[in-house]
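Enquirer: Handing you a structure now.
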């Protein structure tokens, strides 16, 4: 706008004043001072001062030598109304702060209730799982201790008769366990079986060089077996697996 034109006739100028004036009564730190600085800059831009603003608002008289230009045609600003609007805005701000504090407490209570509910749910889940585990262990104990099926006995009748061929007279096992001849295991990891049958259960494994007592020999299905005694016990191994 042109500077020689009355600034108070400009709606933008008056609107700017209406925004800055209520901020002068703000209780927030720095806001009132910032509004005062902006107001002075706004007035200085239009070659006006606070005295000119006060004269237009109906306050103190204009200084000597000031010439009013069509003052009766200029709309007057109500300073009291602006201050009242500032107080209302401050009250609304305080109300919003209180409402925010109340909402925050309510949210905290909701979060606390949610945490308690989650803790109870987890506790119930843990108790339930523990119960199932204990029931399973009890069932295993009962099944293993009470309802355990009897051990299967080897079916001797299913095995064909064993023909005993003694290369030396079959000794009678003395109480001291010294009967038989001393031999040495030739194969490493030689299995010692419960019966002179290739598929019979393995009682132990003997490393190569182990000293054993050969008790007697038997032939079954064309294969010669030797019953031997070692520190691990008594069993059968092929006769070719020990020294003659």
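Enquirer: For the condition in a helix (DSSP H, G or I), under 27 Å from residue 90 (Cα atoms) and modelled with pLDDT under 85, what is the one hit in 34, 54?
Expert: Details: 34 fails: modelled with pLDDT under 85.
Going through 34, 54 in turn, just one is in a helix (DSSP H, G or I), under 27 Å from residue 90 (Cα atoms) and modelled with pLDDT under 85: 54.
Enquirer: If we scan the stretch 8-16, do we find a residue that is exposed (fewer than 11 other Cβ atoms within 10 Å of the Cβ), part of a loop (DSSP other than H, G, I, E, B) and modelled with pLDDT of 75 or more? Reasoning before the result, please.
Expert: Let us first name the residues in the stretch 8-16 that are exposed (fewer than 11 other Cβ atoms within 10 Å of the Cβ), namely 11-12, 15.
Remaining after also requiring part of a loop (DSSP other than H, G, I, E, B): none.
No, that holds for no residue.
Enquirer: Could you pull out every one of the strands (runs of 3 or more DSSP E) wholly within the stretch 195-244 that has 2 or more residues that are buried (at least 17 other Cβ atoms within 10 Å of the Cβ) and more than 60 Å from the chain's Cα centre (by Cα)?
Expert: Values: elements: 202-206, 211-220, 223-230, 233-238.
Of the strands (runs of 3 or more DSSP E) lying wholly inside the stretch 195-244, those with at least 2 residues that are buried (at least 17 other Cβ atoms within 10 Å of the Cβ) and more than 60 Å from the chain's Cα centre (by Cα) span 211-220, 223-230.
Enquirer: For residue 183, only one of the following conditions fails: (1) modelled with pLDDT of 55 or more; (2) touching a strand residue (DSSP E or B) at 6+ places or on another chain (Cβ under 7 Å); (3) exposed (fewer than 10 other Cβ atoms within 10 Å of the Cβ); (4) on the phi < 0 side of the Ramachandran plot. What is its number?
Expert: Tallying (1) modelled with pLDDT of 55 or more; (2) touching a strand residue (DSSP E or B) at 6+ places or on another chain (Cβ under 7 Å); (3) exposed (fewer than 10 other Cβ atoms within 10 Å of the Cβ); (4) on the phi < 0 side of the Ramachandran plot, residue 183 fails exactly one: (3).
Enquirer: Go through (1) assigned to a loop (DSSP other than H, G, I, E, B); (2) under 60 Å from the mean Cα position of the chain (by Cα); (3) modelled with pLDDT of 85 or more one by one and return the number of the condition residue 42 breaks.
Expert: Going through (1) assigned to a loop (DSSP other than H, G, I, E, B); (2) under 60 Å from the mean Cα position of the chain (by Cα); (3) modelled with pLDDT of 85 or more one by one, residue 42 breaks only (1).
The values are calculated or read from the model by the stated rules, or taken from the named source; none is laboratory data. Remember, predicted model here, so these are calculated numbers, not experimental data. Don't worry about glycine lacking a Cβ; one is built from the backbone with ideal geometry, like all the others, and counts go over all protein chains shown.
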